[in-house]
Amino acid sequence: MKVLGVETSCDETSAAVVRDGGEILSNVVSSQIALHRPYGGVVPELASRNHLRLINSVVEEALAESRTSIEQIDAIAATYGPGLASSLLIGLNTAKGIAFATGKPFVGVNHIEAHLYSPLLTNAATDALPMVSLIVSGGHTILAHATTIGEHQILGQTVDDAAGEAFDKVAKLLGLGYPGGPEIEKRAEQGNPAAIEFPRSMLHDASDNFSFSGLKTAVLYFLRKNPQHCVEDVCASFQEAVVDVLVAKTLRAAVERRVKTVSASGGVSVNRRLRKALADGCKDHGLQLLLALPGLCTDNAAMIAALGYHKLQSGKRSDFSLEVAPSIGLGDGGRG
């Protein structure tokens, strides 16, 4: 079964064709980073206008790269939430229009749920599930326990800032560029991660929740008290504090649930220091680690098409009354 996926939840316009939920035939992503960089963040109106301008050509390119005609597509999947309402509308309505015009089945997909299962898309592990999954991005920091595809439980999530949001805010405090994550990672490679003792919020808390607002504030106070600071040391120490918490809580959750697999996905999971720390920790605990490929960590339609396939196989369909759900959570993954 070939599924055409469409993703426009924020500032990437993406379309992909995936066969049988695992073979990526195409995955076209048009990024808007350069468009939003002068503003230091995503401007919703600019994002939606750009989606509208690009969506048809991106879908056409995805079909061309996969050497698939629209008649050869078996079903359509699209993100319906969470995300920016004005951006979600473009992709969802485009997918509905294609499905209506072609008579193909249509299914709405939860963007966070697609991230959750994205490490399974390019990893051949047949015994991956059950697994404890870390979903870490600009808008979300979630620990989940997935037993089968489509069956998962939220173990914990951030009570304030997401990890990626903290990266962006600290980068702004330091006068670095947007997006903040890659800028901090680049500077951190030249810094000393032990130079500054920043707090590890909720590290020893009994829950599986996270908190990064206090860490961001600690960086702010440090910069005020130390105007002659070394940017590289601040970046390295801040990054290490975030990674320590993410890795420790993920590994603890995996050990407590007695799973054999840990996975990580979402934009922040591209961070090389996080990947190495997870790999080292999983090795120490005898756990299998599944990481989504870097190109599948940021917003992309391949993960939407892949999860759409599994939903369709389980008999789920969406009708054309499905509306965007900008604030939907992972626990609402089956709504589509």
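The values are calculated or read from the model by the stated rules, or taken from the named source; none is laboratory data. As the structure is a computational prediction, the values presented were derived from the model and not from experiment. In this analysis, Cβ positions are derived from the backbone assuming ideal geometry, glycine residues included, and neighbour counts consider all displayed protein chains.
Brief remarks on what is shown
- Options Arg273, Arg252, Arg224, Arg258: the member that is surrounded by fewer than 19 Cβ atoms within 10 Å (Cβ to Cβ), of a type outside the set (Ser, Thr, Tyr) and within 25 Å of Thr122 (Cβ to Cβ): Arg273
- Within region 10-29, considering residues that are modelled with pLDDT under 95 and within 16 Å of the chain's Cα centre (by Cα), the one surrounded by the fewest Cβ atoms within 10 Å (Cβ to Cβ): Glu12
Results for (1) touching a residue at least 12 places away in the same chain (Cβ under 8 Å); (2) under 30 Å from Gly286 (Cβ atoms); (3) surrounded by 22 or more Cβ atoms within 10 Å (Cβ to Cβ), shown as yes or no for each residue.
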site	(1), (2), (3)
Ile184	yes, no, yes
Ala188	yes, yes, yes
Val231	yes, no, no
Ala236	yes, yes, yes
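- Every test in (1) under 14 Å from Phe106 (Cα atoms); (2) touching a residue at least 12 places away in the same chain (Cβ under 8 Å); (3) in a loop (DSSP other than H, G, I, E, B) is passed by His310 save one, and that test is (3).
- Candidate set: region 295-325, residues that are at pLDDT below 95 and within 23 Å of Gly138 (Cα to Cα); chosen: the one surrounded by the most Cβ atoms within 10 Å (Cβ to Cβ): Asp299
- Considering residues of region 83-112 that are within 20 Å of Leu52 (Cα to Cα), free of Cβ contacts under 8 Å to residues at least 12 places away in the same chain and not hydrophobic (A, V, I, L, M, F, W, C) only, the residue surrounded by the fewest Cβ atoms within 10 Å (Cβ to Cβ): Gly97
- In region 113-148, residue farthest from Pro82 (Cα to Cα) [restricted to those that are crowded, with 20+ Cβ neighbours inside 10 Å and among the β-branched types (Val, Ile, Thr)]: Val132
- Taking the criterion of being touching a residue at least 24 places away in the same chain (Cβ under 8 Å) and not basic (Lys, Arg), the residues of region 164-175 that qualify are Gly164, Glu165, Ala166, Phe167, Asp168, Val170, Leu173, Leu174.
- Matching residues in region 253-269 - criterion: being in contact (Cβ under 8 Å) with a residue 40 or more places away in the chain and either within 20 Å of Ile196 (Cβ to Cβ) or part of a helix (DSSP H, G or I) (or both): Ala253, Ala254, Arg257, Gly267, Val268, Ser269
- Residue among Leu35, Leu25 that is part of a helix (DSSP H, G or I) and more than 11 Å from Ala301 (Cβ to Cβ): Leu35
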